[in-house]
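Each remark here refers to the structure printed beneath this line.
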Amino acid sequence: MGRKKIVAGNWKMNTNLNEALDLISEIKKGSEQFYGVEKIIFPPFTFLKNANDSLATTTAFFIGAQNCSEHSKGAFTGEVSAEMLSSVGCKFVLVGHSERRTFFKESDEQLILKIQNALKNNLHVIFCFGEQLEERKGGKHFETVKKQLENVLKNFSESELNKMYLAYEPVWAIGTGETATPQQAQEMHAYIRKIISELFSSALAQNTPILYGGSCNAQNARELFSCADVDGGLIGGASLKAADFCKIIASF
Ligand code: 13P
(Lines give C-alpha, C1' and ligand atoms only; values in the text may rest on other atoms or scores of the structure.)
Protein backbone atom coordinates (compact mmCIF):
# COMPACT_ATOMS: atom_id res chain seq x y z
CA MET A 1 0.00 0.00 0.00
CA GLY A 2 1.32 3.44 -0.88
CA ARG A 3 1.50 6.37 1.45
CA LYS A 4 -1.44 8.70 2.08
CA LYS A 5 -2.25 11.65 -0.16
CA ILE A 6 -2.89 14.75 1.93
CA VAL A 7 -3.88 18.34 1.25
CA ALA A 8 -4.04 20.70 4.23
CA GLY A 9 -5.14 24.32 4.22
CA ASN A 10 -3.72 26.73 6.79
CA TRP A 11 -6.04 29.73 6.76
CA LYS A 12 -3.84 31.70 9.18
CA MET A 13 -5.61 34.85 10.55
CA ASN A 14 -8.13 35.15 7.72
CA THR A 15 -11.94 34.91 7.26
CA ASN A 16 -14.86 35.83 9.48
CA LEU A 17 -17.49 33.29 10.48
CA ASN A 18 -19.65 33.67 7.37
CA GLU A 19 -16.68 33.60 5.04
CA ALA A 20 -15.31 30.54 6.81
CA LEU A 21 -18.57 28.60 6.47
CA ASP A 22 -18.96 29.61 2.81
CA LEU A 23 -15.40 28.54 2.06
CA ILE A 24 -15.89 25.16 3.73
CA SER A 25 -19.10 24.49 1.92
CA GLU A 26 -17.53 25.35 -1.45
CA ILE A 27 -14.48 23.20 -0.74
CA LYS A 28 -16.75 20.35 0.35
CA LYS A 29 -18.72 20.54 -2.91
CA GLY A 30 -15.65 20.87 -5.09
CA SER A 31 -13.67 18.05 -3.54
CA GLU A 32 -16.29 15.38 -2.84
CA GLN A 33 -15.11 13.03 -5.55
CA PHE A 34 -11.54 12.99 -4.26
CA TYR A 35 -12.23 10.71 -1.33
CA GLY A 36 -8.78 9.13 -1.74
CA VAL A 37 -7.19 12.39 -0.64
CA GLU A 38 -7.14 13.27 3.06
CA LYS A 39 -8.25 16.89 3.43
CA ILE A 40 -7.53 18.94 6.53
CA ILE A 41 -8.37 22.57 7.11
CA PHE A 42 -6.97 24.80 9.80
CA PRO A 43 -9.42 27.68 10.34
CA PRO A 44 -8.94 30.23 13.15
CA PHE A 45 -9.76 28.96 16.66
CA THR A 46 -13.10 30.80 16.82
CA PHE A 47 -14.63 28.83 13.92
CA LEU A 48 -13.34 25.35 14.74
CA LYS A 49 -16.57 24.07 16.23
CA ASN A 50 -18.73 25.49 13.40
CA ALA A 51 -16.29 24.12 10.84
CA ASN A 52 -16.32 20.70 12.43
CA ASP A 53 -20.12 20.62 12.61
CA SER A 54 -20.40 21.52 8.94
CA LEU A 55 -18.10 18.63 8.00
CA ALA A 56 -19.68 16.04 10.28
CA THR A 57 -20.62 13.53 7.59
CA THR A 58 -17.88 14.27 5.08
CA THR A 59 -15.40 11.51 4.25
CA ALA A 60 -11.68 12.06 4.77
CA PHE A 61 -12.12 15.70 5.74
CA PHE A 62 -10.77 16.88 9.08
CA ILE A 63 -10.41 20.03 11.13
CA GLY A 64 -7.21 21.14 12.79
CA ALA A 65 -6.00 24.07 14.88
CA GLN A 66 -3.14 26.36 13.95
CA ASN A 67 -1.59 26.27 17.42
CA CYS A 68 -2.11 25.06 20.97
CA SER A 69 -0.76 26.07 24.35
CA GLU A 70 2.23 24.33 25.87
CA HIS A 71 0.29 24.30 29.16
CA SER A 72 -2.51 21.87 29.90
CA LYS A 73 -4.79 24.34 31.74
CA GLY A 74 -4.88 27.21 34.22
CA ALA A 75 -4.11 30.90 34.50
CA PHE A 76 -2.78 31.56 31.00
CA THR A 77 -5.08 34.30 29.73
CA GLY A 78 -5.76 34.10 26.04
CA GLU A 79 -4.28 30.63 25.51
CA VAL A 80 -6.09 27.61 24.05
CA SER A 81 -5.28 24.12 25.31
CA ALA A 82 -5.02 20.88 23.39
CA GLU A 83 -7.88 19.47 25.47
CA MET A 84 -10.14 22.34 24.37
CA LEU A 85 -9.29 21.65 20.74
CA SER A 86 -10.00 17.98 21.07
CA SER A 87 -13.34 18.70 22.75
CA VAL A 88 -14.61 20.69 19.73
CA GLY A 89 -13.72 17.94 17.27
CA CYS A 90 -10.22 18.89 16.15
CA LYS A 91 -8.17 15.97 14.95
CA PHE A 92 -4.96 17.85 14.09
CA VAL A 93 -2.82 20.70 15.32
CA LEU A 94 0.06 22.57 13.67
CA VAL A 95 3.17 22.92 15.82
CA GLY A 96 6.30 24.83 14.90
CA HIS A 97 4.98 26.89 12.03
CA SER A 98 7.62 29.45 11.01
CA GLU A 99 5.25 32.34 11.79
CA ARG A 100 4.94 31.07 15.37
CA ARG A 101 8.69 30.57 15.63
CA THR A 102 9.45 34.03 14.20
CA PHE A 103 6.68 36.34 15.46
CA PHE A 104 5.96 34.60 18.75
CA LYS A 105 9.51 33.42 19.43
CA GLU A 106 8.47 29.84 20.09
CA SER A 107 11.44 27.77 21.21
CA ASP A 108 12.15 24.08 20.71
CA GLU A 109 11.35 23.55 24.41
CA GLN A 110 7.89 25.06 23.94
CA LEU A 111 7.31 23.01 20.79
CA ILE A 112 8.14 19.82 22.70
CA LEU A 113 5.59 20.70 25.40
CA LYS A 114 2.95 21.57 22.81
CA ILE A 115 3.43 18.22 21.09
CA GLN A 116 3.24 16.37 24.42
CA ASN A 117 -0.05 18.09 25.25
CA ALA A 118 -1.44 17.50 21.78
CA LEU A 119 -0.63 13.79 21.80
CA LYS A 120 -2.04 13.37 25.30
CA ASN A 121 -5.32 14.75 23.94
CA ASN A 122 -5.38 12.48 20.90
CA LEU A 123 -4.53 15.16 18.38
CA HIS A 124 -2.32 14.36 15.41
CA VAL A 125 0.51 16.84 15.17
CA ILE A 126 1.75 18.35 11.94
CA PHE A 127 5.23 19.42 12.89
CA CYS A 128 6.49 22.28 10.69
CA PHE A 129 10.08 23.32 10.06
CA GLY A 130 12.25 24.74 7.29
CA GLU A 131 15.26 26.91 6.61
CA GLN A 132 15.51 30.69 6.19
CA LEU A 133 16.68 32.26 2.93
CA GLU A 134 20.19 33.02 4.25
CA GLU A 135 20.58 29.41 5.35
CA ARG A 136 19.59 28.16 1.90
CA LYS A 137 21.92 30.66 0.21
CA GLY A 138 24.77 29.65 2.54
CA GLY A 139 24.23 25.96 1.79
CA LYS A 140 23.14 25.34 5.39
CA HIS A 141 19.59 24.12 4.67
CA PHE A 142 20.24 20.44 5.40
CA GLU A 143 22.05 21.24 8.64
CA THR A 144 19.21 23.55 9.77
CA VAL A 145 16.47 21.06 9.03
CA LYS A 146 18.42 18.25 10.74
CA LYS A 147 18.76 20.33 13.90
CA GLN A 148 15.10 21.41 13.90
CA LEU A 149 14.00 17.79 13.59
CA GLU A 150 16.49 16.25 16.01
CA ASN A 151 16.06 18.85 18.78
CA VAL A 152 12.34 18.17 19.00
CA LEU A 153 11.73 14.63 17.75
CA LYS A 154 14.38 12.93 19.87
CA ASN A 155 12.07 13.56 22.85
CA PHE A 156 9.39 11.26 21.45
CA SER A 157 9.00 7.53 20.88
CA GLU A 158 8.43 5.78 17.59
CA SER A 159 4.81 5.09 18.53
CA GLU A 160 4.32 8.81 19.22
CA LEU A 161 5.92 9.65 15.88
CA ASN A 162 3.34 7.40 14.27
CA LYS A 163 0.74 10.03 15.18
CA MET A 164 2.68 12.86 13.60
CA TYR A 165 3.00 14.29 10.11
CA LEU A 166 5.89 16.49 9.05
CA ALA A 167 5.68 19.65 6.95
CA TYR A 168 8.77 21.01 5.24
CA GLU A 169 8.13 24.72 4.76
CA PRO A 170 11.18 26.64 3.55
CA VAL A 171 10.68 30.11 5.04
CA TRP A 172 11.80 31.83 1.82
CA ALA A 173 8.89 30.20 -0.01
CA ILE A 174 6.11 31.06 2.47
CA GLY A 175 3.80 33.74 1.13
CA THR A 176 6.45 34.94 -1.30
CA GLY A 177 5.21 33.38 -4.52
CA GLU A 178 8.58 31.70 -4.79
CA THR A 179 8.23 27.90 -4.60
CA ALA A 180 10.89 25.28 -4.02
CA THR A 181 11.48 23.50 -7.32
CA PRO A 182 10.27 19.90 -7.39
CA GLN A 183 13.98 18.90 -7.32
CA GLN A 184 14.64 20.99 -4.20
CA ALA A 185 11.51 19.64 -2.50
CA GLN A 186 12.28 16.02 -3.40
CA GLU A 187 15.90 16.33 -2.30
CA MET A 188 14.88 17.72 1.11
CA HIS A 189 12.03 15.27 1.63
CA ALA A 190 14.34 12.33 0.90
CA TYR A 191 16.82 13.83 3.37
CA ILE A 192 14.08 14.15 6.02
CA ARG A 193 13.27 10.44 5.60
CA LYS A 194 16.95 9.68 6.09
CA ILE A 195 16.97 11.61 9.36
CA ILE A 196 13.81 9.84 10.59
CA SER A 197 15.36 6.54 9.64
CA GLU A 198 18.50 7.35 11.67
CA LEU A 199 16.51 8.62 14.67
CA PHE A 200 13.90 5.84 14.63
CA SER A 201 13.57 3.21 11.89
CA SER A 202 13.41 2.92 8.14
CA ALA A 203 9.82 1.64 8.42
CA LEU A 204 8.78 4.84 10.21
CA ALA A 205 10.74 6.94 7.72
CA GLN A 206 8.87 5.32 4.85
CA ASN A 207 5.44 5.67 6.47
CA THR A 208 5.62 9.20 7.86
CA PRO A 209 3.60 11.65 5.78
CA ILE A 210 5.75 14.60 4.72
CA LEU A 211 3.97 17.62 3.29
CA TYR A 212 5.53 20.45 1.31
CA GLY A 213 4.48 24.03 2.14
CA GLY A 214 5.50 27.35 0.62
CA SER A 215 3.64 29.01 -2.25
CA CYS A 216 2.18 25.70 -3.36
CA ASN A 217 -0.73 26.55 -5.66
CA ALA A 218 -3.11 25.24 -8.31
CA GLN A 219 -0.42 25.63 -10.99
CA ASN A 220 2.55 23.95 -9.34
CA ALA A 221 0.91 21.35 -7.06
CA ARG A 222 0.84 18.54 -9.62
CA GLU A 223 4.56 18.70 -10.23
CA LEU A 224 5.39 18.94 -6.53
CA PHE A 225 3.04 16.08 -5.60
CA SER A 226 4.56 13.85 -8.27
CA CYS A 227 7.85 13.78 -6.32
CA ALA A 228 8.44 10.36 -4.76
CA ASP A 229 8.84 11.65 -1.20
CA VAL A 230 6.23 14.42 -1.24
CA ASP A 231 2.92 13.19 0.21
CA GLY A 232 0.98 16.37 -0.33
CA GLY A 233 0.90 20.02 0.64
CA LEU A 234 0.31 22.44 3.47
CA ILE A 235 -1.25 25.36 1.65
CA GLY A 236 -1.53 28.94 2.87
CA GLY A 237 -2.76 31.64 0.47
CA ALA A 238 -4.24 29.27 -2.11
CA SER A 239 -6.34 27.50 0.55
CA LEU A 240 -8.47 30.64 0.90
CA LYS A 241 -9.87 30.27 -2.62
CA ALA A 242 -12.13 27.24 -2.87
CA ALA A 243 -11.53 26.72 -6.61
CA ASP A 244 -7.75 26.80 -6.20
CA PHE A 245 -7.78 24.57 -3.14
CA CYS A 246 -9.97 22.01 -4.93
CA LYS A 247 -7.66 22.08 -7.94
CA ILE A 248 -4.77 21.33 -5.58
CA ILE A 249 -6.75 18.42 -4.09
CA ALA A 250 -7.21 17.14 -7.64
CA SER A 251 -3.48 17.34 -8.36
CA PHE A 252 -2.37 13.82 -7.39
P1 13P B 1 1.71 30.03 1.43
O2 13P B 1 1.09 28.85 0.71
O3 13P B 1 0.83 31.23 1.46
O4 13P B 1 3.09 30.30 0.96
O5 13P B 1 1.83 29.60 2.98
C6 13P B 1 2.39 28.36 3.29
C7 13P B 1 2.20 28.11 4.73
O8 13P B 1 2.71 28.83 5.58
C9 13P B 1 1.33 27.00 5.11
O10 13P B 1 1.40 26.73 6.48
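Computed quantities for the displayed model
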read-out	value
Restricting segment 36-68 to residues that are in a loop (DSSP other than H, G, I, E, B) and of a type in the set (S, T, Y), the residue that is least open to solvent (accessible area, probe 1.4 Å)	T58
Considering residues of segment 5-33 that are part of a loop (DSSP other than H, G, I, E, B) and modelled with pLDDT of 95 or more only, the residue farthest from H97 (Cα to Cα)	N16
Residue in segment 217-228 that is least open to solvent (accessible area, probe 1.4 Å), counting only those that are out of contact with any helix residue (DSSP H, G or I) (no Cβ under 6 Å at 6 or more places or on another chain) and not in a loop (DSSP other than H, G, I, E, B)	F225
Residue tally, condition over 19 Å from the mean Cα position of the chain (by Cα) and not acidic (D, E), over segment 121-144	8
Residue in segment 229-243 that is within 16 Å of the ligand (Cβ to nearest atom), surrounded by 21 or more Cβ atoms within 10 Å (Cβ to Cβ) and charged (D, E, K, R) present	yes
Qualifying residue in segment 162-170 (condition: within 13 Å of the ligand (Cβ to nearest atom), open to solvent by 30 Å² or more (accessible area, probe 1.4 Å), touching a residue at least 60 places away in the same chain (Cβ under 8 Å) and closer than 13 Å to G96 by Cβ)	no
Enumeration of residues in segment 182-216 that are away from the ligand (no atom under 16 Å from the Cβ), polar (S, T, N, Q) and part of a loop (DSSP other than H, G, I, E, B)	S201, T208
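Residues are listed down the side, and each one gets a yes or a no for (1) within 16 Å of S201 (Cα to Cα); (2) among the aliphatic types (A, V, I, L, M); (3) touching a Phe, Trp or Tyr at 6+ places or on another chain (Cβ under 8 Å):
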residue: I126; (1), (2), (3): no, yes, yes
residue: F129; (1), (2), (3): no, no, yes
residue: R136; (1), (2), (3): no, no, yes
residue: T144; (1), (2), (3): no, no, no
residue: L149; (1), (2), (3): yes, yes, yes
residue: E169; (1), (2), (3): no, no, yes
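The values are calculated or read from the model by the stated rules, or taken from the named source; none is laboratory data. Treat the numbers as computed from the prediction; the structure is a model and nothing was measured. Backbone-built Cβ (ideal geometry, glycine too); neighbour counts: all protein chains shown. The protein model used for the area step is the full one, side chains on, heavy atoms only, and it has no ligands, DNA or RNA in it. Shrake-Rupley method; radii C 1.70, N 1.55, O 1.52, S 1.80 Å.
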